[in-house]
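Enquirer: Please see the structure below; I have some questions.
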Amino acid sequence: MTAGTRVAGSPDTANAVATLRSTAEIRSRATALLDRSRSGASSWFRVDDDRIGDAVALVAEVTRARYPDLAIPYHSRWRHFEVGGVDRVADLDVRLGEVGAAERARTQIDLAVVSVLLDAGAGAEWYFDEPGTGQRVRRSEGLAVASVHAFAGGLFSSDPDVPLRVDAAGLRSIDEAALAAAFGVGPTTPLVGLSGRLAVLHRLADALDARPDVFSSRRPGDLYDRLTAAGGAVDAHDILSLLLDTLSPIWPSDNRIGEVALGDCWHHTAVNGAGGTAGWMPFHKLSQWLTYSLLEPFEWAGIDVGDLGALTALPEYRNGGLLLDTAVLVPVPSDALTARWHVDDEFIVEWRALTVALLDEIAPLVADRLGMTAAELPLACVLEGGTWAAGRETARTLRDGLPPLDIASDGTVF
């Protein structure tokens, strides 16, 4: 764990939680489930390895179409802020004025944290009409654009004189009506999981207040100061570890070891592990999505970020949908594509785990097909190029953009 992190409870609890917060453990357990599925022992999926080449070809084709020069940025929330060719980051910089690199990074982290935490499946009916540009934006990009405007309008700040800020008091003052208004929610534009998103913001406020050792000014941007206190470079896994240590209590799930909330970590009967970790399959998808989205604020501030390969693929319905739509993953239950699933169903847990493991295999194959090495095109860029966009394309072609599975969601996982 990152220096200075803390886990309540007994040493056994602390060790179990630390294990389940490791991306190495995510990969190990996901790979074990993939091996099991390949052996024919899974009741949920079989793997058609002959179709992996088709998935690789599609991802490479989509990547070349989106980035012809193969200068592929990281998969992060900042890409969504650029939708429609509008440079909203530049607009934010202008509004910030003459501030130092550290304060600019804190502000960017403030924005990225709330925007990512609000980023879950919006539903097919929701859209956001952007003031000024007239763009109508949907899904993740729409949520990103709406969050930028909410941020610029001071929704998350307790100080009207400093609107470009997120702090605990500002978050706690938001009610469902204010959040709905900021995101253009109405009878014809319902947003899936609105109350769940509001709960996450309020829990974020609680988390900021609970850790004054990290969040001295009760804002997410204080992460910058903690992570750069020793100077020099920052490792990507250190960012993730600090996020999991400080923000895991915000997730509204009953997944716990002792009194410690595990967040995006779910039971699967075939997952082995020592002690209290047995049966748990961790993912930490939103925390890793947030980590990917914090890489650039640190780099823009002149801080080198290393160990990018420690982060895993994001196990959500675009990346996982790509594998279903290309028939790399074939569901075993005959009603899998029509049934109503929940995030804690073992079928969904295994689907997400197989997504993590298979994308680790697919990423270097995509790089090779594009004439690059895995070092030149790391997973963070393959996701952007990439697998997420290809998953969206197959969904658009096959189902008018809808996910391949019907999953009941409160807006905090998918």
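The values are calculated or read from the model by the stated rules, or taken from the named source; none is laboratory data. These numbers come from a predicted model, not from an experiment. Neighbour counts run over all protein chains shown; Cβ positions are idealised from the backbone, glycine included. The area values use the complete protein model at the heavy-atom level, side chains included, leaving out ligands, DNA and RNA. Shrake-Rupley method; radii C 1.70, N 1.55, O 1.52, S 1.80 Å.
Enquirer: Got a sec? Which of R88, R95 is in contact with a Leu (Cβ under 7 Å, 6 or more places away or on another chain), more than 22 Å from E361 (Cα to Cα) and not acidic (D, E)?
Expert: R95
Enquirer: Of (1) of a type in the set (V, I, T); (2) more than 22 Å from the chain's Cα centre (by Cα); (3) open to solvent by 10 Å² or more (accessible area, probe 1.4 Å), V343 satisfies all except one. Which?
Expert: (2)
Enquirer: Of all residues being in contact (Cβ under 8 Å) with a residue 60 or more places away in the chain and open to solvent by 10 Å² or more (accessible area, probe 1.4 Å) in the range 30-40, which is nearest to the chain's Cα centre (by Cα)? Just the residue, please.
Expert: Here the answer is T31.
Enquirer: Provide a single number: the residues in the range 120-134 that are closer than 19 Å to Q288 by Cβ and open to solvent by 10 Å² or more (accessible area, probe 1.4 Å).
Expert: Of the residues in that region, 1 qualify.
Enquirer: Give the range 171-230 a look and list any residue that's closer than 21 Å to D129 by Cα, of a type in the set (S, T, Y) and assigned to a loop (DSSP other than H, G, I, E, B), or say none.
Expert: T188
Enquirer: Let me ask something else about it. Within the range 320-338, can one find any residue that is touching a residue at least 12 places away in the same chain (Cβ under 8 Å), in a loop (DSSP other than H, G, I, E, B) and surrounded by 23 or more Cβ atoms within 10 Å (Cβ to Cβ)?
Expert: yes
Enquirer: Under 7 Å between Cβ atoms, which residue pairs at least 6 apart in sequence (or on different chains) link something in the range 128-153 that is hydroxyl-bearing (S, T, Y) with a partner that is buried (at least 20 other Cβ atoms within 10 Å of the Cβ)?
Expert: Taking only residues 6 or more apart or on different chains, the pairs are S140/H80; S140/D119; S147/V114; S147/S115; S147/L118.
Enquirer: Checking G302 against (1) open to solvent by 30 Å² or more (accessible area, probe 1.4 Å); (2) in a helix (DSSP H, G or I); (3) in contact (Cβ under 8 Å) with a residue 24 or more places away in the chain, only one condition comes out false. Which one?
Expert: Just one mismatch for G302, condition (2).
Enquirer: Tell me, yes or no, whether the range 83-101 has at least one residue that is open to solvent by 10 Å² or more (accessible area, probe 1.4 Å), at pLDDT 95 or above and farther than 25 Å from L227 by Cα.
Expert: No, there is no match, as no residue in the range 83-101 is open to solvent by 10 Å² or more (accessible area, probe 1.4 Å), at pLDDT 95 or above and farther than 25 Å from L227 by Cα.
Enquirer: A16 versus (1) more than 25 Å from the chain's Cα centre (by Cα); (2) within 28 Å of I348 (Cβ to Cβ): which is the lone unmet condition?
Expert: Exception for A16: condition (1).
Enquirer: For the range 245-255, how many residues meet the condition of being in contact with a strand residue (DSSP E or B) (Cβ under 7 Å, 6 or more places away or on another chain) and buried (at least 21 other Cβ atoms within 10 Å of the Cβ)?
Expert: Qualifying residue count for the region: 2.
Enquirer: Just the residues that are under 17 Å from N255 (Cα atoms), in contact (Cβ under 8 Å) with a residue 60 or more places away in the chain and out of contact with any Phe, Trp or Tyr (no Cβ under 6 Å at 6 or more places or on another chain), please, taken from the range 273-299.
Expert: Hits for the range 273-299 are G273, G275, G276, T277, W280, P282, F283, H284, K285, L286.
Enquirer: Ok, one more. From the list V137, V148, V166, V116, which residue is touching a helix residue (DSSP H, G or I) at 6+ places or on another chain (Cβ under 6 Å), of a type in the set (A, V, I, L, M), assigned to a loop (DSSP other than H, G, I, E, B) and crowded, with 17+ Cβ neighbours inside 10 Å?
Expert: Every option except V166 fails the conditions.
Enquirer: When the range 1-21 is examined, which residues are found to be crowded, with 18+ Cβ neighbours inside 10 Å and either assigned to a helix (DSSP H, G or I) or modelled with pLDDT of 95 or more (or both)?
Expert: T13, A14, A16, V17, T19, L20
Enquirer: Would you call T373 modelled with pLDDT under 95, in a loop (DSSP other than H, G, I, E, B) and not small (G, A, S)?
Expert: no
Enquirer: Looking at (1) at pLDDT below 90; (2) outside any loop (DSSP other than H, G, I, E, B), which is the only condition W266 fails?
Expert: (1)
Enquirer: Looking at this structure, is S241 within 20 Å of the chain's Cα centre (by Cα) and either farther than 27 Å from L194 by Cβ or modelled with pLDDT of 95 or more (or both)?
Expert: Taking the combined requirement at face value, the residue satisfies it.
Enquirer: In the range 376-385, which residues are over 17 Å from K285 (Cβ atoms) and in a helix (DSSP H, G or I)?
Expert: Those that are over 17 Å from K285 (Cβ atoms) and in a helix (DSSP H, G or I): C381, G385.
Enquirer: Could you pull out the residue among L358, L365, L314 that is under 21 Å from the mean Cα position of the chain (by Cα) and outside any loop (DSSP other than H, G, I, E, B)?
Expert: L358
Enquirer: Could you count how many residues in the range 208-244 are open to solvent by 50 Å² or more (accessible area, probe 1.4 Å) and out of contact with any strand residue (DSSP E or B) (no Cβ under 8 Å at 6 or more places or on another chain)?
Expert: Within the range 208-244, residues that are open to solvent by 50 Å² or more (accessible area, probe 1.4 Å) and out of contact with any strand residue (DSSP E or B) (no Cβ under 8 Å at 6 or more places or on another chain) number 12.
Enquirer: List the number of the failed condition for W388; all other conditions in (1) part of a helix (DSSP H, G or I); (2) open to solvent by less than 10 Å² (accessible area, probe 1.4 Å) hold.
Expert: The failed condition is (2).
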